[in-house]
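Below you'll find the structure, written out as structure tokens, and then a few comments.
The values are calculated or read from the model by the stated rules, or taken from the named source; none is laboratory data. It should be emphasised that the depicted structure is a prediction, and the values quoted were computed from it without experimental measurement. Heads up, the Cβs are rebuilt from the backbone with ideal geometry, glycines too, and the neighbour counts pull from every protein chain shown.
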Amino acid sequence: MNHSNEIDYEHWPANQPMDETDVSLRAYLSRLSDEHLVRFDPAWSDDQVMEWDGNFKCDGTLMLVCCERDVGVTEFRRVLAEHLQVRTAVVSGPNFTSASRPGGNTDTTTQASMTVLLASMLTLVSCGGLAAQDSRPGFAVPADITFRAATIQSEGARMAAEVFAPREPKESKLPTIIMCHGWGGLAEQLRPDAIVFAQAGYLVVTFDYRGWGLSDSRVILAGSKPASKDHKWMAEVKEVRGVVDPIDQTTDLMNAIHWTMGDPQCDPRRVGLWGSSFSGGHVAYVAARDPRVKAFVSQVAAMDGRWVINNPQMRNQTFTQGTARARGQIEYPQAGEKFGTLKGAPVLERFIGYAPVEDLGRCQHVAKLFIIAEKEELFDNRDHAILAYQRATGVKNLVTLPGITHYGIRSQPGALHHGHAESV
């Protein structure tokens with residue numbers, strides 16, 4: 001996770017003095033027991049996590065202090081929330097080290113890390129405790145915006161959503177942005193962007209796709225369906241989790257639009273979509289099918305899923321898997337399985353009919369912004385965003401961010417700020 005939007009720890013002055021608030025926070029933290037302030041270690045095995053799951057007792061909020069690269073902390077929080085009803089808040093930074101195992105004593109943080117921890121907790125410990133914010137933010141909410149967690153239903157599964165808005169809006173109905181993350185990403189990674197847009201006056205909704213993050217999964221029967229007279233029955237099921245399916249994900253985005261239209265702060269005449277990388281194609285796909293979408297931002301987007309049949313080897317693999325899955329001979333990919341360097345294995349046969357680049361002719365009513373990386377290394381922009389831009393009619397714009405690669409849009413602050421400015 002990366003919460004650099006919350007605190008600029010890379011440029012934190014080493015000799016910055018502690019003010020009275022910092023001193024009181026230090027005193028507060030010193031009273032927290034080890035069971036409330038722990039480190040998350042990505043090397044923990046499933047058995048270790050479940051061992052803690054079975055024995056952990058906590059009547060407050062567990063503060064998880066983790067390295068920003070500890071990607072497993074999201075799944076760990078989900079286990080705590082679902083099985084133990086334990087509320088968690090996350091503080092991250094690049095200098096935090098990890099404890100050796102669940103239940104171990106908390107290591108002593110460095111002075112720099114403690115300073116970051118104190119600053120990051122400012123909003124969490126206001127009002128004399130850890131309940132100043134929603135039960136699930138786990139990050140510092142700026143004073144000028146509001147945050148709330150929400151649940152979106154998508155084909156019977158509950159998707160975890162987060163809603164951001166200006167604290168003092170200038171109008172009762174707000175222009176609205178629905179944001180969706182890329183391949184293997186999570187909604188929490190969009191918080192810095194969502195905060196920027198909310199501070200600019202937008203209502204912002206982010207969500208985890210089904211089977212990702214804090215959202216429920218689609219489930220399939222693990223055995224035979226039992227007899228039933230009233231369409232209610234109990235059976236063993238398997239969840240489809242951590243896989244990449246563009247048709248399911250675009251369905252989730254459509255349901256996020258349905259949900260957002262019912263929000264009292266949403267202006268249904270001014271709803272736009274924002275997607276990056278894989279979801280940069282999703283926003284075009286959905287905008288072509290939902291006339292309520294008035295604008296989209298497609299950032300470093302892959303616009304054509306037909307690469308799965310573009311050469312004989314991939315075509316054979318895709319069709320072989322599709323046939324085997326349809327005949328019940330293979331299951332869906334395992335959760336957490338990787339596809340090259342990407343987290344989440346694709347359901348290949350579901351990509352055959354996914355080609356947003358072919359949909360731009362149906363988006364005349366939509367204002368379109370395409371943002372591309374000059375040194376895109378994952379695909380040829382000419383076959384994706386540039387081709388989509390050329391095919392698009394109506395209001396459109398194409399912006400090239402100079403000198404960056406695909407992931408530079410997130411890692412290089414200048415590129416990120418440029419992207420925000422263009423989007424707003």
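Key figures
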quantity	calculated
Residue check for LEU214: in the same structural domain as ILE409 (by TED's automatic domain parsing), surrounded by 21 or more Cβ atoms within 10 Å (Cβ to Cβ), touching a residue at least 40 places away in the same chain (Cβ under 8 Å) and touching a strand residue (DSSP E or B) at 6+ places or on another chain (Cβ under 9 Å)	yes
Residue in the stretch 283-291 that is assigned by TED's automatic domain parsing to the domain that holds TYR389, outside any loop (DSSP other than H, G, I, E, B) and under 16 Å from the mean Cα position of the chain (by Cα) present	yes
Residue within the stretch 226-236 that is touching a Phe, Trp or Tyr at 6+ places or on another chain (Cβ under 7 Å), assigned by TED's automatic domain parsing to the domain that holds PHE351 and either over 28 Å from GLY272 (Cα atoms) or not polar (S, T, N, Q) (or both) present	yes
Residues satisfying the stated conditions in the stretch 377-396, i.e. among the polar types (S, T, N, Q) and either in contact with a strand residue (DSSP E or B) (Cβ under 7 Å, 6 or more places away or on another chain) or not in a loop (DSSP other than H, G, I, E, B) (or both)	ASN381, GLN390
Residues satisfying the stated conditions in the stretch 249-268, i.e. surrounded by fewer than 23 Cβ atoms within 10 Å (Cβ to Cβ), over 15 Å from VAL205 (Cβ atoms) and out of contact with any strand residue (DSSP E or B) (no Cβ under 7 Å at 6 or more places or on another chain)	THR250
Matching residues in the stretch 358-367 - criterion: being surrounded by 23 or more Cβ atoms within 10 Å (Cβ to Cβ) and either β-branched (Val, Ile, Thr) or not in a loop (DSSP other than H, G, I, E, B) (or both)	LEU360, VAL366
Close pairs (8 angstrom Cβ cut-off, 6 or more residues apart or separate chains): farther than 14 Å from GLY272 by Cβ and outside the structural domain of VAL399 (by TED's automatic domain parsing) in the stretch 362-387, modelled with pLDDT of 95 or more and among the aliphatic types (A, V, I, L, M) anywhere	none
Failed criterion for MET314 (all others in (1) part of a helix (DSSP H, G or I); (2) closer than 21 Å to ARG210 by Cβ hold)	(2)
The stretch 121-173: number of residues that are at pLDDT 75 or above, assigned to a loop (DSSP other than H, G, I, E, B), under 27 Å from GLY185 (Cα atoms) and not small (Gly, Ala, Ser)	5
Any pair with Cβ under 6 angstrom, 6 or more apart, that starts in the stretch 152-169 at a residue that is closer than 16 Å to ASP263 by Cα and touching a residue at least 40 places away in the same chain (Cβ under 8 Å) and ends at one that is among the polar types (S, T, N, Q) and assigned to a strand (DSSP E or B)	GLU162/THR206; ALA165/THR146
Residue in the stretch 261-271 that is of a type outside the set (Lys, Arg) and under 18 Å from the mean Cα position of the chain (by Cα) present	no
Per-region count, the stretch 284-341, residues on the phi > 0 side of the Ramachandran plot and surrounded by 13 or more Cβ atoms within 10 Å (Cβ to Cβ)	2
Residues that are among the small types (Gly, Ala, Ser) and at pLDDT 95 or above, drawn from the stretch 319-349	GLY322, ALA324, ALA326
Residues being at pLDDT 95 or above and of a type in the set (Asp, Glu) - total across the stretch 200-257	4
